[in-house]
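There's a structure below that I have some questions on.
Bear in mind these aren't lab numbers, they're just calculated from the coordinates by the rules spelled out. Not measured: the values here are computed from a predicted model. Note that we place each Cβ from the backbone using ideal geometry, even for glycine, and neighbour counts take in every protein chain shown.
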Amino acid sequence: MSRIHPPTRRAALIAAAVAALALPAIASAQQPPAPHVPPFAAGHNAVIDDGNPGGWASPQTLAQAVKGHDGIIAPITPDRDWPEEARRLGTVPPLPISSGRPPQPVQRVGRTGPILMLAIGNDKVLKLFDYGSLGMEARRAHLFDSFLATIGYYVVRVQEYEDVYYYLISATTGTMTAMLERPVVSPDRGRAFSWHDSQMVGRTLEVVRITPARATPEKVAWEASGEPDGLTYDVAWAPDAQAIIVTETNSKTRQRKTVRLVFKDGAWRPA
């Protein structure tokens, strides 16, 4: 099975966004990258992508690792963002697994040192390893952002040397889809989008279709203005989840322009 590694996919997203400014017709015809499926290898570590070891264990192993530590075991030099992450970890409900008498809930998420652990299904835990130090080009840190209980997905913030992006991870299969920003779930829970606006990448709208097994990227046949200054964008789902409403505001003239994007002929495009 061919695999698209997250760092490679990240570079591809940046290159595609830059190319989109110069060649809109070509960029609009490109297909979005496929989700990444980490290899299931229960009981031992597996390579999720180059330089980033990850692996599988059982929820009981996770529970034992964090027992008595409120979900966090901080090493001697913890990451500066871990205290806030600990608060978020504490808000996640446990797995509906019964063991012992009376039945005991099993922890769904946790951290032990540089390893973020996420329960997958009812019998595995996905381990995401942090490596490198702040300021190093080879650094990668995974920070738990949220558990979207309504769709059964984890959101993990990934921080690299100069890059920040997000993994949307199915809690059923462990399939990971990279997005430039934190995903916004549609009212009907069937899709999610992310909107990114930066000088390095440009203005990029990403949309994924959500099933319990995976979040599959969908093509977007629309581009925001290439003007770097003076324009701000508000992006939101329509109440019926059948459209994405993009409102462009010119801060100099105060003029507003609204575009309604709908999924038609295999892509999100202006209605």
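Treat every Asp and Glu Cβ in region 112-266 as -1 and every Lys and Arg Cβ as +1, leave all other atoms uncharged, and give the resulting dipole magnitude about the Cα centre to the nearest 20 debye.
Charge dipole, region 112-266, about its Cα centre: 360 debye, nearest 20.
If you don't mind, there's one more thing I want to ask. Run the quick spin-label model on ARG260 and GLU223: label points 7 Å from Cα toward the beta carbon, then report their separation in nm to one decimal.
Computed distance between label sites ARG260 and GLU223 equals 2.5 nm.
Same structure, new question: With a sphere of radius 14 Å drawn around the Cβ of ASP229, what net charge do the other residues whose Cβ falls strictly inside it have (Lys, Arg +1; Asp, Glu -1)? Can you show the working numbers first?
Values: positive: ARG203, LYS252; negative: ASP197, GLU227, GLU248.
Value of the local net charge: -1.
Go through region 145-239 and name the trypsin sites (Lys or Arg not before Pro) that are in a DSSP coil and have 14 or fewer other Cβ atoms within 10 Å of their Cβ. Could you put the intermediate results ahead of the total?
On the way: sites: ARG157, ARG189, ARG191, ARG203, ARG209, ARG214, LYS219; in loops: ARG189, ARG214.
Of the trypsin sites (Lys or Arg not before Pro), the ones in loops of region 145-239 whose Cβ has at most 14 other Cβ atoms within 10 Å are ARG189.
If the reach is capped at under 18 angstrom between alpha carbons, list the aspartates and glutamates near LYS257, excluding any in the same chain fewer than eight residues apart.
Counting by Cα, and skipping residues close in sequence, LYS257 has these aspartates and glutamates nearby: ASP197, GLU223, GLU227, ASP229, ASP234, GLU248.
While we're looking at this one, here's another question. Please report, for the Cα atoms of region 114-244, the Rg to one decimal and the Dmax as a whole number; what are they, in angstrom?
Cα-based Rg and Dmax for region 114-244 come out at 16.0, 51 Å.
Here's a follow-up. Find the percent of Cα-Cα distances in region 176-271 that exceed 17 Å, and round it to a whole number. It would help to have the intermediate numbers written out before the result.
On the way: 2305 of 4560 pairs.
Beyond 17 Å sits 51 percent of the P(r) for region 176-271.
DSSP loop GluC sites (Glu not before Pro) in region 112-219 with at most 11 other Cβ atoms within 10 Å of their Cβ, which ones? Please list the in-between numbers first.
On the way: sites: GLU137, GLU160, GLU162, GLU181, GLU206, GLU218; in loops: GLU137, GLU162, GLU181.
Those satisfying the criteria are GLU137, GLU162.
Something else now. So which chymotrypsin sites (Phe, Trp or Tyr not before Pro) in region 154-244 pass both tests, a DSSP loop state and at most 16 other Cβ atoms within 10 Å of the Cβ? Intermediate results must be reported in sequence, preceding the final value.
On the way: sites: TYR154, TYR161, TYR165, TYR166, TYR167, PHE193, TRP195, TRP222, TYR233, TRP237; in loops: TYR161, TRP222.
Taking region 154-244 and a limit of 16 other Cβ atoms within 10 Å, the loop chymotrypsin sites (Phe, Trp or Tyr not before Pro) found are TYR161, TRP222.
Counting only the backbone N, which residues of region 156-195 are under 11 Å from the spot 7 Å out from the Cα of ALA149 toward its beta-carbon?
In region 156-195, the label zone of ALA149 (backbone N under 11 Å from the point 7 Å along Cα→Cβ) covers no residue.
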